């Protein structure tokens, strides 16, 4: 992975985390928190989409996958916090 790919990966993670934070809680988690949520969300989203047989390619597809995964991740964390 070269530096350009790494920067794009981190940017997508930050954007996906910010979108998920805005949708689920009404605010973000800071730039580092958004990146972590977005990156982990990308893995979760890829797993969920794989189970459903959905494939999303390209930049927009990657962003959608990461955002859906981040939303699912935040939802599960909120459920655990309430328990």
Completion exercise
Going through region 56-78 in order, the residues found to be loosely packed, with under 11 Cβ neighbours inside 10 Å and modelled with pLDDT under 85 are 57
Problem - Residue in region 28-54 that is surrounded by the most Cβ atoms within 10 Å (Cβ to Cβ), counting only those that are in contact with a helix residue (DSSP H, G or I) (Cβ under 7 Å, 6 or more places away or on another chain) and farther than 20 Å from residue 11 by Cβ - result: 49
Completion exercise
Within region 9-27, the count of residues that are more than 13 Å from residue 67 (Cβ to Cβ) and in contact with a helix residue (DSSP H, G or I) (Cβ under 8 Å, 6 or more places away or on another chain) comes to 4
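Pick from 45, 41, 17: which is in contact (Cβ under 8 Å) with a residue 40 or more places away in the chain and under 17 Å from residue 77 (Cα atoms)? Before the answer, list the steps.
Numbers: 45 fails: in contact (Cβ under 8 Å) with a residue 40 or more places away in the chain; 41 fails: in contact (Cβ under 8 Å) with a residue 40 or more places away in the chain.
Selected residue: 17, the only one of 45, 41, 17 that is in contact (Cβ under 8 Å) with a residue 40 or more places away in the chain and under 17 Å from residue 77 (Cα atoms).
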Problem - Test for residue 38: is it part of a loop (DSSP other than H, G, I, E, B) and at pLDDT below 90 - result: no
Handout entry: Flag if residue 7 is surrounded by fewer than 13 Cβ atoms within 10 Å (Cβ to Cβ) and either in a helix (DSSP H, G or I) or under 8 Å from the mean Cα position of the chain (by Cα) (or both)
Key = yes
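Could you say which residue among 71, 60, 54 is in a helix (DSSP H, G or I) and more than 8 Å from the chain's Cα centre (by Cα)? Break it down into steps so the answer makes sense when it comes.
Working: 71 fails: more than 8 Å from the chain's Cα centre (by Cα); 54 fails: in a helix (DSSP H, G or I).
Every option except 60 fails the conditions.
The values are calculated or read from the model by the stated rules, or taken from the named source; none is laboratory data. Worth saying up front: this structure is predicted, and the values here are computed from it rather than measured. Every residue, glycine as well, gets a Cβ built from its backbone with ideal geometry; the counts of neighbours run over all protein chains shown.
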